[in-house]
Every structure is written in C-alpha cells, then in structure tokens.
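Visitor: Please see the structure below; I have some questions.
The values are calculated or read from the model by the stated rules, or taken from the named source; none is laboratory data. Quantities reported herein were computed from a predicted structural model and do not represent experimental measurements. Note that we place each Cβ from the backbone using ideal geometry, even for glycine, and neighbour counts take in every protein chain shown. Calculation scope for accessible area: heavy atoms of the full protein, side chains included, ligands and nucleic acids excluded. Shrake-Rupley method; radii C 1.70, N 1.55, O 1.52, S 1.80 Å.
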Amino acid sequence: MNKQVKKTDPKIAKPKGRMLDAVAMAEVETMLGSMPRRRDMVIEALHRLQDRQGALHARHLKALATCFRLAEAEIFEVASFYHHFDIVKDGENAPAALTIRVCDSLSCMMAGAEELIGKIETLVDPSAVRVVRAPCIGRCAQAPAALAGRREVDHATAEGLLALAQAGETSPQIPAYRDLDAYRTDGGYQLLADCLSGKHTPEEIIALLSDSGLRGLGGAGFPSGRKWSIVRSYPAPRLMTINGDEGEPGTFKDRSYLEHDPHRMLEGALIAAWAVGCDRIYLYMRDEYPAVLQLLHTEIARLDAAGFTQQVGIELRRGAGAYICGEESAMIESIEGKRGLPRHRPPYIAEQGLFGRPTLNHNIETLFWVRDIVQKGPQWFAAQGVRGHKGMRSFSVSGRVNNPGVKLAPAGVTARELIEDYCGGMREGHRFTGYLPGGASGGLLPASLADEPLDFGTLDQYGCFVGSHAVVILSDHDDPKAVALNLLRFFELESCGQCTPCRSGTQMLVRMMEQGDWNPALMRDLDQVMRDASICGLGQAASNPVRSVLRFFLEETVS
Ligand SMILES: Cc1cc2nc3c(=O)[nH]c(=O)nc-3n(C[C@H](O)[C@H](O)[C@H](O)COP(=O)(O)O)c2cc1C
Ligand code: SF4
C-alpha cells in the first residue's frame, strides 16, 4: 500500500469538481445489475466495473458514489488503496488490455524474477500488454511465478508468457479437485449433519478441539478451542470470517488445500459457525488466486443448492491485492467495503468485529483440520508432534531445495529435517547457509541454527518466529543483505501507511540498505521504535530481517 504518502500518485489526484455524467450513471447501473448498493459491497462493485471495463474510469467512480450514497472521496480512497484497481482519470488512456504480473518476492527473485521481468518487457508490445511487478502470488515452489491476466503461470519464462498473451490464454485454469459429490461420497458433511441433528453438542466439539492442541495456523498460533469459547461468550448475534488472504511471502499451503479439497475447509467452517453460534460466514479470498476463487464460487453455489447453508450462509468476498488485508481487523474493514486499515485493540474482534459484532475469524488451514480432529480424535492430532510439540503443520518450503512444496510434518520438526527428509536435500551446487523460518516477517536464521525445533514460540530467543510456517531455504548463492532488502521493499510497499514508525521506518531501512549503509546503531533504533509504536503486526515485525542479518550474518557469530 503505502499510498497515503504518495501525494503525487496520479491514481488519487483531484477527484473533485467532476460533474455527474448521466451516461456514466446509466453504464454503472447496468454493470452493477442487481448487486445490493450497500457499503460493504463497494469492493465487489469496483471489481465488477474493473472486470467489465479493464479499469476504473473516474466518471464511473463518481457515478458509483452516487449509487452507493457515499462521498466521492470515500470511493476514491478505497479504489486507490488496493493494488489491483487501476483508476483512469478523464482524458487519460486506460492501461493495456492485458496485465502480466510477475512476482518479485524472495523465492521468485532467487529463481531469476529480475531477469524475467527485464526480458518480458522487451518482448511485449506495451500498448497491448502491461508488465507489472507483483508481491508474492503464493506459487513460491514453482518460482518464478506470474499471472497472465487471470492465468496462473508456474516456472514462468518470457517466451511462455508471451505465447499465452498472444494466444489469449489468460483465464484461470481450474485444477482437478474433490468436488461436493466426491467429498460427500467420502463421508463429507456427515459430521455437520450430526452436529445439526444434536448428535454432538457445541461444548463437546469445543472440548475436543481444545484437547487436540489445534492452534491458529494463520500465523499467531492462538489456541482454537479457546478462541471458540471466547467468541461464544459474547452475546449474539455473532459472525464468522475466514481468512484466505495468504499474502505472507513464502506461504502457499492454504491455496494448496483449497485447490485439492475445498469442502474439508468449508465443512470445518460450518461446524465452527454452528458451535460458536455465528449467523453468517464471510470468506475473504485473495485476488491473486483466480482459480481458487472460481472453484469456491462453484462449490458454494452447490452447497447452497444442496441445502447445507440453510442455517448459516457463506458469502465469498474477493480481495483486491493488499497484504495488510490478511491482518484480521484490516480484513474486516475490507469486507465492510473500506480501505484495509488495521484497527486499534481493544476491542478485539472476538468482541467487536465485522459490522461491530462478535466475530470468529480463522485461517483456511485451521478449519481444514476440524473434521479430522473430531472424527479421528484429539489424541490423533496431538500425537503427531515431536520434541514435546503437539500436532502437525503444513510447511510451505521453497528456495534452494530439490523438492519444494507443502510438506506435512510434525510440529517441532527442524529445518535440517525438512531439507533432508522432506525436500530431497539441497539443490546441486548449493551449500545451505540459512533460512527464513516464517516468511518475510519471521526473520532469518543461519544454517548453524538449523536444528532448532520449529513451532510457535521456539525461536523467540533468536528474535524469530514460524508464523505461517513458510520456510525459505538459502544457499551460498544468496546474499543475506539482498534478501533483507527484498523483504523490506515488500513491507514498504504493503504498509498501509497509517502509523509513522511503520510507514517511515520501512522507507528509511530500504533507503539505507539501497545505499549499502548498514549502520547497526541507527537500524536498531528504527527497529525498536517500529516494534514499540506500530499498531499492527506488519510494522512490529517488518524490521525482523534487518535485525537478523545484523545479528547472525554481519556482526556476531553463533556459538
Ligand atoms: C500483517 C499480517 C498479515 C496477516 N496475514 C494473514 C493471512 O494472510 N492469513 C491468515 O490466516 N492470517 C493472517 N494474519 C493473522 C491474522 O491476523 C489472524 O491472526 C488469523 O487469521 C487468525 O486465524 P487463526 O487463528 O486460524 O490463525 C496476518 C497478521 C498480520 C499481522
Ligand atoms: S503497523 Fe501501522 S502503518 Fe504498518 S501496516 Fe500496521 S497499521 Fe498500517
């Protein structure tokens, strides 16, 4: 994001004084069709306009404001916040018909994204194809990755992208997945039926979940059973949100589960909503996963038709390219049709979340495990851990290993075990030198600490954390300083700009690193103020890579 500081950004320049255009109004009314003109539908409406027109024309935004009875500024501030919206001012040309987004986050950079971007830019006709850099698109195991329109492209090459563009093959490719019929054949939704018919009680299911040790797998690791009890303790009406934003660079496990077995998560969500007493579920899915969005759309409609959502409906909401919307209160703002600005706490969303109601929010993978935990028993899940840790974890492993991908491993596994036992060792010609234990925000550790158990809290002493369990393996081909710069550029871009320590701190760290100015005293000062004075986890953890590089790779040796 960080668009608040870009005062000269043409996307937010001077919307004032435009006359309402009757033709534009009629066009917008037609494009919106029967869509409700409610505030929380603003982002869906912006998608509708952009999908139809290829961009957001200023005259349409003015008309949209009138349709939604909002100030023009409110529409512009939302449209200009999200990376995936393109505002075209009166008299300006719309962007090229096709946008190719090439991921330039860490794993893709390590796999040659810079060269790819340079090459594709020389090959395409810029009047027909626009090439833009994209923050992580969650395909790190197939780096370098890109999106050609809505087509996800693995191991992207300039020639391959050009061929797709020329052939017009830019729609999502839906993977082979277990659909509703197949899931039901395997006993799917029987547990939900048993819950609804009174064979189980909410208290019993919550107790099972607590006994299993299941923790939130979106990054924070909060005990799930306890969360259900807390939300349930607040007065109804309550709501539920599902966090499918998966924007942490290096993380792709949620996508993988949804691409194979979406109903396992959906059934888990319906059971959670029943146990906690939530009236409605809002599923927030990132726009970088077009195939997942499409298959969820299909499968939720099938669930509706089969009557599974009569008690609790599921509403699919499409993100618009903003990492910060993975932070739960920012996600809630986004579902409400606003900019994704994290809220101050308290109140926590458990008490006052979506539309001011007590809200249960979960990561996709957390919900994915609910059915298995109830049916196989809490001990089955708890017993999967090693070295005293409970449960299993889905590690998204990428970088310099032979077989990157989602690795289902016990909580407490080590990075060395992941490399050797799950990923077929290091790639030929690469010597293991370090790793990211938890995506962009979890810090960096040297190879000498590869035998530490990986789980929530185990890396605190090193100033690192496992977060969403995105492990990126580095080798002697990777410069830790360049790695830290790549990660800080990501945070600079994605900071919502709301608080100064985060907004300015990320900018200053990036400028210093770009100039090769690794001044430990100043960097530590910045790190401290960002940690102490930022509203949300983005600003509080953004300087972790810098601190790790200072501690483990530049100044001190680890004994
Ligand atoms: C900057 C930031 C980004 C986040 N991104 C995600 C995300 O993409 N997906 C997710 O599930 N949780 C994300 N979280 C964590 C959520 O705020 C929240 O803890 C989580 O969705 C709770 O679900 P769980 O208990 O099932 O983990 C993020 C947190 C922060 C601070
Ligand atoms: S720390 Fe502050 S500026 Fe940074 S993303 Fe969070 S709320 Fe926005």
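Visitor: Out of (1) farther than 30 Å from Ala440 by Cβ; (2) in contact (Cβ under 8 Å) with a residue 40 or more places away in the chain, the odd one out for Thr251 is which?
Guide: With (1) farther than 30 Å from Ala440 by Cβ; (2) in contact (Cβ under 8 Å) with a residue 40 or more places away in the chain applied to Thr251, the lone miss is (1).
Visitor: Output the residues belonging to the range 379-422 that are assigned to a helix (DSSP H, G or I), of a type outside the set (Asp, Glu) and open to solvent by 20 Å² or more (accessible area, probe 1.4 Å).
Guide: Answer for the range 379-422, where residues must be assigned to a helix (DSSP H, G or I), of a type outside the set (Asp, Glu) and open to solvent by 20 Å² or more (accessible area, probe 1.4 Å): Gln379, Trp380, Arg416, Tyr422.
Visitor: Next question. Of all residues in the range 316-331 being open to solvent by 30 Å² or more (accessible area, probe 1.4 Å) and more than 12 Å from ligand 1 (Cβ to nearest atom), which is farthest from the chain's Cα centre (by Cα)?
Guide: Filtering the range 316-331 for residues that are open to solvent by 30 Å² or more (accessible area, probe 1.4 Å) and more than 12 Å from ligand 1 (Cβ to nearest atom), the one farthest from the chain's Cα centre (by Cα) comes out as Leu316.
Visitor: Ok, one more. Looking at the range 19-62, which of the residues that are within 29 Å of the chain's Cα centre (by Cα) and small (Gly, Ala, Ser) is surrounded by the fewest Cβ atoms within 10 Å (Cβ to Cβ)?
Guide: Gly54
Visitor: Another question about this same structure. Could you please find all residues in the range 123-136 being in contact with a helix residue (DSSP H, G or I) (Cβ under 8 Å, 6 or more places away or on another chain) and under 26 Å from His477 (Cβ atoms)?
Guide: Within the range 123-136, Val131, Arg133, Pro135, Cys136 meet the criteria.
Visitor: For the range 217-242, which positions are in contact with a strand residue (DSSP E or B) (Cβ under 8 Å, 6 or more places away or on another chain) and open to solvent by less than 10 Å² (accessible area, probe 1.4 Å)?
Guide: The answer is Leu217, Gly221, Ser224, Trp228, Val231, Leu239, Met240, Thr241, Ile242.
Visitor: Kindly indicate which of Gly497, Gly463 is within 16 Å of ligand 2 (Cβ to nearest atom), touching a residue at least 40 places away in the same chain (Cβ under 8 Å) and of a type outside the set (Ser, Thr, Tyr).
Guide: Only one candidate qualifies: Gly497.
To keep it simple, each residue is scored yes or no on (1) away from ligand 1 (no atom under 16 Å from the Cβ); (2) touching a His at 6+ places or on another chain (Cβ under 9 Å).
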| residue | (1), (2) |
| --- | --- |
| Met508 | yes, no |
| Gly516 | yes, no |
| Ile535 | no, yes |
| Pro545 | no, no |
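Visitor: While we're on this one: When both residues are 6+ apart or on different chains and their Cβ atoms are under 8 Å apart, which pairs have a first residue that lies in the range 102-115 and is within 18 Å of Glu246 (Cβ to Cβ), and a second that is acidic (Asp, Glu)?
Guide: Close Cβ pairs satisfying both conditions: Asp104/Glu114.
Visitor: Taking the range 449-479, which residues are open to solvent by less than 30 Å² (accessible area, probe 1.4 Å) and either in a helix (DSSP H, G or I) or basic (Lys, Arg) (or both)?
Guide: Of everything in the range 449-479, just one residue is open to solvent by less than 30 Å² (accessible area, probe 1.4 Å) and either in a helix (DSSP H, G or I) or basic (Lys, Arg) (or both), namely Leu449.
Visitor: I want to confirm something. Restricting to the range 332-349 and keeping residues that are of a type in the set (Gly, Ala, Ser) and crowded, with 24+ Cβ neighbours inside 10 Å, which single residue is farthest from ligand 2 (Cβ to nearest atom)?
Guide: So, considering only residues that are of a type in the set (Gly, Ala, Ser) and crowded, with 24+ Cβ neighbours inside 10 Å, the one farthest from ligand 2 (Cβ to nearest atom) is Ser334.
Visitor: OK, next. With at pLDDT 95 or above and either out of contact with any Leu (no Cβ under 8 Å at 6 or more places or on another chain) or within 16 Å of ligand 2 (Cβ to nearest atom) (or both) as the only criterion, which of Gly321, Gly353 stands out?
Guide: Among Gly321, Gly353, only Gly321 is at pLDDT 95 or above and either out of contact with any Leu (no Cβ under 8 Å at 6 or more places or on another chain) or within 16 Å of ligand 2 (Cβ to nearest atom) (or both).
Visitor: Run Val28 past the list (1) out of contact with any helix residue (DSSP H, G or I) (no Cβ under 9 Å at 6 or more places or on another chain); (2) modelled with pLDDT of 95 or more and report the number of the one that doesn't hold.
Guide: Only one criterion is unmet by Val28, namely (1).
Visitor: A further question follows. I need the full set of residues from the range 287-315 which are within 16 Å of ligand 1 (Cβ to nearest atom) and open to solvent by 10 Å² or more (accessible area, probe 1.4 Å), in order please.
Guide: Within the range 287-315, Glu288, Leu293 qualify.
Visitor: A further question on this structure: Name every residue in the range 482-499 that is touching a Pro at 6+ places or on another chain (Cβ under 8 Å), farther than 14 Å from Ser548 by Cβ and away from ligand 1 (no atom under 14 Å from the Cβ), in order of residue number.
Guide: none
Visitor: Select from the range 438-448 the residues that are surrounded by 19 or more Cβ atoms within 10 Å (Cβ to Cβ) and assigned to a helix (DSSP H, G or I) and list them in ascending order.
Guide: Passing the criteria: only Ala447.
Visitor: State all residues of the range 132-142 that are under 14 Å from Arg101 (Cβ atoms), buried (at least 24 other Cβ atoms within 10 Å of the Cβ) and among the hydrophobic types (A, V, I, L, M, F, W, C); if no residue qualifies, say none.
Guide: Cys136, Ile137
Visitor: Same structure again: Go through the range 165-182 and report how many residues are more than 26 Å from the chain's Cα centre (by Cα) and either touching a residue at least 12 places away in the same chain (Cβ under 8 Å) or surrounded by 15 or more Cβ atoms within 10 Å (Cβ to Cβ) (or both).
Guide: Count: 1.
Visitor: Say whether the condition of being open to solvent by 70 Å² or more (accessible area, probe 1.4 Å) and not in a helix (DSSP H, G or I) is met by at least one residue in the range 514-536.
Guide: yes
Visitor: Follow-up. Does any residue of the range 243-257 turn out to be open to solvent by 10 Å² or more (accessible area, probe 1.4 Å), assigned to a helix (DSSP H, G or I), more than 30 Å from Arg489 (Cβ to Cβ) and not basic (Lys, Arg)?
Guide: Within the range 243-257 (the criterion being open to solvent by 10 Å² or more (accessible area, probe 1.4 Å), assigned to a helix (DSSP H, G or I), more than 30 Å from Arg489 (Cβ to Cβ) and not basic (Lys, Arg)), the answer is no, since none of the residues qualifies.
Visitor: Identify, from the list Leu487, Leu509, the residue that is under 26 Å from Gly340 (Cβ atoms), free of Cβ contacts under 8 Å to residues at least 60 places away in the same chain, buried (at least 21 other Cβ atoms within 10 Å of the Cβ) and within 16 Å of ligand 2 (Cβ to nearest atom).
Guide: Sole residue among the options that is under 26 Å from Gly340 (Cβ atoms), free of Cβ contacts under 8 Å to residues at least 60 places away in the same chain, buried (at least 21 other Cβ atoms within 10 Å of the Cβ) and within 16 Å of ligand 2 (Cβ to nearest atom): Leu509.
Visitor: Can you pull out every residue in the range 415-450 that is within 19 Å of Val466 (Cβ to Cβ) and among the aliphatic types (A, V, I, L, M)?
Guide: Matches in the range 415-450: Ala415, Leu418, Ile419, Leu436, Ala440, Leu444, Leu445, Ala447, Leu449, Ala450.
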